[in-house]
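Please treat every number below as a calculation from the coordinates, not as lab data. Just so it is clear, the model here is predicted, and its values are computed rather than measured. Glycine gets a Cβ as well: all are built from the backbone with ideal geometry, and neighbour counts include every protein chain shown.
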Amino acid sequence: MSQRQFVILSFILDIACVIGGTTLAYVIRFVGMPPEYNFNAFLIAAPFIVAAYLFAGWIYDLYKPTHIDTPWSITRATFLTTITGALLTAFILFIGAAYTAPFARWTFLLSILIIFVLLTLWRWVFLWLGSITLPTQRILILGQSEMALNLANNFAKYRDRHLEIVGFVGMEDLPPPHYERLLRNLEKHAPLRGTFHQLPEIIADTSATRLIVATPSHKRNLVESIALIVGTDVSIDVVPDVYEILFSSTDSIVGDIPLIHASGRHLSSYDRVPKRVFDLFLSLTIAILASPLMLLAALAIKLDDGGPVFYKQERVGKDGRIFNVLKFRTMQIGAEDESGPVLAEEDDERITRVGAWIRRLRIDEIPQILNVIRGQMSFIGPRPERPYFVRQFSREIEGYAERLRVLPGITGLAQINGGYATTPELKLKYDLMYIYHQSFLLDLQVIAETIKVVLTGRGAR
């Protein structure tokens, strides 16, 4: 079966799962045929509920065979899809008002469980009985260890799934003599291609698409360097230690070995059309709801010192493109005329009286919804920085340019966990955390935390 055929089959079966699962929930709830009054509420909302679940499945790559190639990856993807689909369904039922009010709450909760089981079950059966023509994953394993050998042995069992080990990469120039037996066993699967320092050349020579880090935990600090060395065209996974599993989630399992996804350019489908739709919906909603607040802020700025209400400033966007960001002015006129570009500090003397309150409530950021609507920014992402500082930090901070891979945002992990004066190094860690793990649920979490920051003033200076 081709990938295209699999996607079509998935859409058809998922539609059947959502409709059939909800119908079954009604039958169980009412012990037979449900009352027409209640069931009609589902029939009215059904097209939108189906669309919500398909949208959620797209977000979590449920229609990409390479992302659901093990029972664990299937279960994880269908669980996230079901939770997101249920949240969207609850929103649909809420805005449906009187038309969808008869949709029974217990039926809704029961349908979530049934839909999850059905979505998972048919994919498990297909994984066992079906087959898909997939591009071959060319895998490099970093490490000369028993774990690397166990990985190779497990991958050998999945050769029919288009997984090919193209080589091993050593951590030492000359491994100790007692490694000879291990190296011989490793080379039964693939050759030793070289050492860590030759990684870019090895990846280019082998056309590797996936790198698995199977090194001891005390060398985990190399993972950040690896991600920056190889770039993000290569997907990077790590074999976790126990403490790493405690603080992270397992993304896939090879045989009996868990893996945690570290990075890769192949971001979730959410990074494209769904995120843009979400950005536009959120921006237009805020523009309407916050218009009275924006009017009061503009009036307060004007009455405070008579200067301009808005402030335009050059910022660096995705792929290094320059654009003008729009904000409410919170600093004195000509604040940087003599000093040149200077980062904001705690209790910055350049901030006006009104500006301090506007910053505390994050109101100064609201006009940037115009940048979002224009497609220059996203609602959530790394904050855009000025060209001067991008050049400076790119020289001084390893990996800083990674922030330019995605659209900058109005708010983000760095903003809800820090403030205006948080160091660029610390902000980068939060930004990379978001870039490599962005999802619809994470965006909802950032929005919820942003609301808390706005209401409490925490972090805003």
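I need the shape label for region 271-456. Rule: rounded when a/c is under 1.5, else prolate if a/b > b/c, else oblate, with a, b, c from the alpha carbon gyration tensor. Mind dumping the intermediate values first?
Numbers: a/c = 1.64, a/b = 1.16, b/c = 1.41.
Here region 271-456 falls in the oblate category.
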Starting from the amide H of Val166, placed 1.01 Å from N in the peptide plane, find each other amide H under 5 Å away whose residue is 5 or more places distant or on another chain. Ile139, Leu140
If the label point is 7 Å along Cα→Cβ of Ile447, which residues in region 367-386 have backbone nitrogen under 16 Å from it? 369, 372-373, 378-381
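Can you put Met147, Met377, Met33, Met1 in order of Cβ neighbours within 10 angstrom, beginning with the fewest?
Details: Met147 17, Met377 26, Met33 9, Met1 13.
Ascending number of Cβ neighbours within 10 Å: Met33, Met1, Met147, Met377.
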For Ala356 and Ser2 in one chain, what is 0.36 nm times their gap in residues minus the Cα-Cα distance, to one decimal in nm? 121.6 nm
Which far-off residues, 5 or more places away or on another chain, put their amide H under 5 Å from the one on Met331, with H placed in the peptide plane? Thr352
Here the relative contact order (percent) of region 3-129, from C-alpha pairs under 8 Å and at least 6 apart, is 36 percent
Can you work out ³J(HN,Hα) from phi for every residue in region 11-28, in order, using Karplus 6.51 cos²θ - 1.76 cosθ + 1.60 and θ = phi - 60°, giving whole Hz and x for Gly and Pro? 4, 4, 5, 5, 4, 5, 5, 5, 5, x, x, 5, 4, 4, 4, 5, 4, 5
Modelled label-to-label distance, Leu109 and Ile83, 7 Å Cα→beta-carbon offset: nm? 1.8 nm
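Under a Cβ-Cβ cut-off of 10 Å, what is the net charge of the residues other than Ile301 that fall near it, where Lys and Arg count +1 and Asp and Glu count -1? Don't skip to the answer; put the middle values down first.
On the way: positive: Lys302, Arg329; negative: Asp304, Asp305, Asp364.
Net charge around Ile301: -1.
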Between Glu398 and Ile95, Cβ-based FRET efficiency (R0 41 Å, step 0.05) works out to 0.30
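Given the Cα-Cα distance of Leu13 and Asp319 and 0.36 nm per residue of separation, how much length would full extension add, in nm?
Details: separation 306, 0.36 × 306 = 110.16 nm, distance 3.88 nm.
Extra length from Leu13 to Asp319 when fully extended: 106.3 nm.
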Give the long-range amide H neighbours of Thr195: residues separated by 5 or more places, or on another chain, with amide H under 5 Å away, using H modelled in the peptide plane at 1.01 Å from N. Gly170
Classified through the alpha carbon gyration tensor (a ≥ b ≥ c as square roots of its eigenvalues; rounded if a/c is under 1.5, else prolate when a/b is larger than b/c, else oblate), region 3-129 comes out prolate
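Could you give the dipole magnitude of region 271-456 about its Cα centre, charging the beta-carbon of Lys and Arg +1 and that of Asp and Glu -1, in debye to the nearest 20?
Values: 25 positive and 24 negative charges, 140 e Å.
Using Cβ point charges on Lys, Arg, Asp and Glu, region 271-456 gives about 680 debye.
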Using the structure shown, select from Lys188/Lys429; Lys302/Lys429; Lys312/Lys452; Lys318/Lys429 the pairs with a Cα to Cα distance greater than 29 angstrom. Lys188/Lys429; Lys302/Lys429
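What does the extension gain come out to for Arg391 and Trp124, with contour length at 0.36 nm per residue minus their alpha carbon separation? Spell out each step's value before the answer.
Values: separation 267, 0.36 × 267 = 96.12 nm, distance 4.93 nm.
Working it through step by step, the gained length comes to 91.2 nm.
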